Every structure is written in C-alpha cells, then in structure tokens.
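Chemist: The structure's right below; bear with me while I get my questions together.
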Amino acid sequence: MQDLRVEKPVDVALGRSRNTIYTVDRVAQAADILLNRWLAIAGKKHVAVRKACLGVLEGLKETRDARKAFVEAAKEADTLRALGERDDIIKHMHRSLVGHGIDRPVAGYVLAAEEIDTPVIGRLLQRAHPNRRHYAVCARPMD
C-alpha cells in the first residue's frame, strides 16, 4: 500500500464550528479525514471519494482521481476552503462589482457577518443565495 501525495493540496475546514483547517496533501491523510474527522452526513460524493482513495492506496487509481473526488465531496459537505475551487463569495463580489464598472483589488472588500451593529449604507448591486449562503454586494455611495 502506497501513501501518495496529491499534485495540489486541498484545504478543508472541519470541526463543529469549521474552525480547524486541514491541508490535505496525501491520499492516506484524505482517507483518515474521511473516516475519522468528517462530521458532515455522508452523501454520494463522500462514498465515491472513499472508494477513490482506497483505489489509489491499492494501486488501481491515480492520485488525481482521488483529489478530484475529495474536492467534490468537500463541496457537497461545504467544507472546501480553497478560493479557486469553490463557488466563493469573493469571486461573486468581484464579478458583481466589475459588472457595475467598479474595479478594486480584493483587499478593498469588506465581509460582514450576520450580526453587525452598524448599518450598511450603500447601493445594492446584487443579492443572491448560492449553495444556501445568502449575501448582498453593496458599493459605497461614492462608487
């Protein structure tokens, strides 16, 4: 049985509060996380990634197959934390702002949680709820 590294590590946030970040860079590590640390309900993609990891460890599959399946299972469980691999709020904000002619670096964005004491004053550019996450994109009145 071989413990092979994946080409590009995958970051997942686990734990009850999703505050424990794991950088998964080996197939055996992914299998361990799936079996022992995955709190989400095991969906179809979770079962598929477990089979893919086992296939790699037995030498029957490629590491890229296990990585791809792991990313899909993490998306399904909403634990994926890599900006380029999930339908990220920052990407939505950027697209919305650019679509309205406002181009600013990501460092100029502000994210606010559900509980903010100060009212948000600005122009509503977009409102949506992809993957059960509600958000609004606003621009300051001067934009």
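The values are calculated or read from the model by the stated rules, or taken from the named source; none is laboratory data. In this text the structure is predicted, and so the values were computed from the model without any measurement. Backbone-built Cβ (ideal geometry, glycine too); neighbour counts: all protein chains shown.
Chemist: All but one of (1) over 19 Å from the mean Cα position of the chain (by Cα); (2) surrounded by 13 or more Cβ atoms within 10 Å (Cβ to Cβ) hold for HIS46; state the number of the condition that does not hold.
Modeler: (1)
Chemist: Oh, and also: Go through (1) modelled with pLDDT under 80; (2) in contact with a His (Cβ under 8 Å, 6 or more places away or on another chain) one by one and return the number of the condition ALA73 breaks.
Modeler: All conditions are met except number (1).
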